[in-house]
1. How far apart, in nm, are the 7 Å Cα→Cβ label points at Arg110 and Glu184?
2. Please tell me the relative contact order of segment 155-221 in percent, rounded to the nearest whole number, where contacts are Cα pairs under 8 Å and at least six residues apart.
3. Using the Cα centre of segment 83-136 as the reference point, and only Cβ charges (+1 on K/R, -1 on D/E), how large is the resulting charge dipole? Debye, rounded to the nearest 20.
4. Calculated FRET efficiency, Glu173 and Ala201, Cβ-Cβ r, R0 22 Å, to nearest 0.05?
5. Which net charge results for the neighbourhood of Ala94, defined as the other residues with beta-carbon distances under 14 angstrom from its beta-carbon, given Lys and Arg at +1 and Asp and Glu at -1?
6. Once phi is turned into ³J(HN,Hα) by the Karplus curve 6.51 cos²θ - 1.76 cosθ + 1.60 with θ = phi - 60°, what whole-Hz value does each residue of segment 105-121 show in order, with x for glycine and proline?
7. Could you size up the charge dipole of segment 155-221 around its Cα centre, putting +1 on the beta carbon of Lys and Arg and -1 on that of Asp and Glu, and report it in debye to the nearest 20?
8. Could you pull out every one of the lysines with an alpha carbon less than 22 Å from that of Lys71, ignoring same-chain neighbours closer than 8 positions?
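Taken together, the values in this text are just the output of simple stated rules run on the coordinates, not laboratory data. All of these numbers come straight from a predicted model, not from anything done at the bench. Here the Cβ positions follow ideal geometry from the backbone for every residue, glycine too, while neighbour counts run over all protein chains shown.
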Amino acid sequence: MGGEWPVRSAAPGGGTRMRDYDNEPLSQPDEPCFPPSAALMNSLPDPPEEDSTTPAPKPAPVFSFDDRPSKTRMKQASHELQALGEAVVALPDARIDGLAIAEELLDAIRQFKKTKSFEGKRRQMQYIGKLMRKHDVEAVRQAVTDMQLGRAQDSLALHQAERWRAELLADDEAATRWITDHPETDVQQLRSLIRAARKDAALVPEKRSGRAFRELFQFIKEHPLE
């Protein structure tokens, strides 16, 4: 016997009867269920479109302890500014007056150069360092760099002049090379200075004046050296 088991139910007039679910028709719903019509679908509002011009929200910044300047870097920066301050006060007054820096920093540098006492200079230098941490000091850094470069070039020129003087005094061929490299040279004056310097060098140290040495050195410096 297939299907569901029959269920007993009360029969009219007493007794029971068997209910056969397999042969009973299915109950119908109160209202028929149909898919939505095209007209209904068309009447619904369209979903809002995404605005592509609206920027996406930026993520919240993440704070990292590594972003903070370390004590070592802060100490190095402080030492750099201190060295820069000591260098700028050594500049000539005319060069300092032409610096494109804050007026209060310029006044502090001028005041330092006027200060005489050691303690006063120390305090004024601390004040200069404080102002340099506050203002842009790129112009100061550039001026100091130019000064150092100029000193290096002057030092090189002095070494070259000393080398030429030594060669001119030691070897006659050096005069020929000098004249070839510097055709505008006053040859008669050069040979006269070389003779005077050699004559002075031949004397005993107590009798040397050194004047001819200095004049020859000055003569060499007046010419472009390579």
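1. Here the answer is 3.9 nm between the modelled labels.
2. Over segment 155-221, the number comes to 40 percent.
3. My answer is approximately 280 debye.
4. Efficiency, rounded to the nearest 0.05: 0.75.
5. Neighbour charge sum, excluding Ala94 itself: 0.
6. 5, 4, 5, 5, 5, 5, 5, 4, 5, 8, 6, 9, 6, 5, 5, x, 5
7. Here the size comes out at about 320 debye.
8. List returned: Lys130, Lys134.
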